[in-house]
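Structure first, commentary second.
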Amino acid sequence: MPREAQALLETLASYHCSAEEIHAGLEAAGYSIGLRTLWRSFGTLIKRQRDAAKASPRRAQWQTALDGNVTMLIWLGKQELGQRDREREKYWADAPQQEEERVVQYTVLFGKRIEF
């Protein structure tokens with residue numbers, strides 16, 4: 001594969017284009033290669049380029065958090081450090097018990113027992 005075609009392939013892969021989109025891009029640029037051949041011969045290169053492209057957004061997320069963006073700090077804490085909201089955990093743990101309490105509560109209205 002010519003160097004120009006490989007550079008185009010790497011660029012399209014770094015934009016997370018699908019194999020079909022990379023194939024179409026190469027075809028549009030005048031390079032003829034089958035879709036199966038593309039994936040079989042350059043699958044590792046495509047994966048490596050996609051993985052490398054993830055570094056820039058990650059770096060931007062970390063920098064945003066370090067600059068003091070509270071939302072990003074919370075999100076990264078949950079994603080990377082396994083932190084979670086304790087209040088929500090407490091709410092969900094009590095939910096089944098609260099539901100059972102509602103069923104056994106009742107009132108007498110006009111001589112009839114009404115459960116709620």
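If you go through the range 38-93, how many residues are among the hydroxyl-bearing types (Ser, Thr, Tyr), modelled with pLDDT of 90 or more and surrounded by 11 or more Cβ atoms within 10 Å (Cβ to Cβ)?
Qualifying residue count, the range 38-93: 2.
State which residue pairs qualify: first residue among the β-branched types (Val, Ile, Thr) and inside the range 2-26, second residue at pLDDT 90 or above in any location, beta carbons under 8 Å apart, and separation of 6 or more residues or different chains.
What qualifies is Ile22/Leu9; Ile22/Leu12; Ile22/Ala13; Ile22/Leu38; Ile22/Ile46.
Would you pick out the residues in the range 1-14 that are in contact with a helix residue (DSSP H, G or I) (Cβ under 9 Å, 6 or more places away or on another chain) and either exposed (fewer than 13 other Cβ atoms within 10 Å of the Cβ) or under 17 Å from Thr37 (Cα atoms) (or both)? It would help to see each step written out before you state the result.
Restricting attention to the range 1-14, the residues satisfying the condition of being in contact with a helix residue (DSSP H, G or I) (Cβ under 9 Å, 6 or more places away or on another chain) are 1, 5-6, 8-14.
Selection gives Met1, Ala5, Gln6, Leu8, Leu9, Glu10, Leu12, Ala13.
The values are calculated or read from the model by the stated rules, or taken from the named source; none is laboratory data. Here the structure is a predicted model, which is why all the values come from computation and not from measurement. Methodologically, a virtual Cβ is constructed for each residue, glycine included, from the backbone with ideal geometry; neighbour enumeration extends over all protein chains shown.
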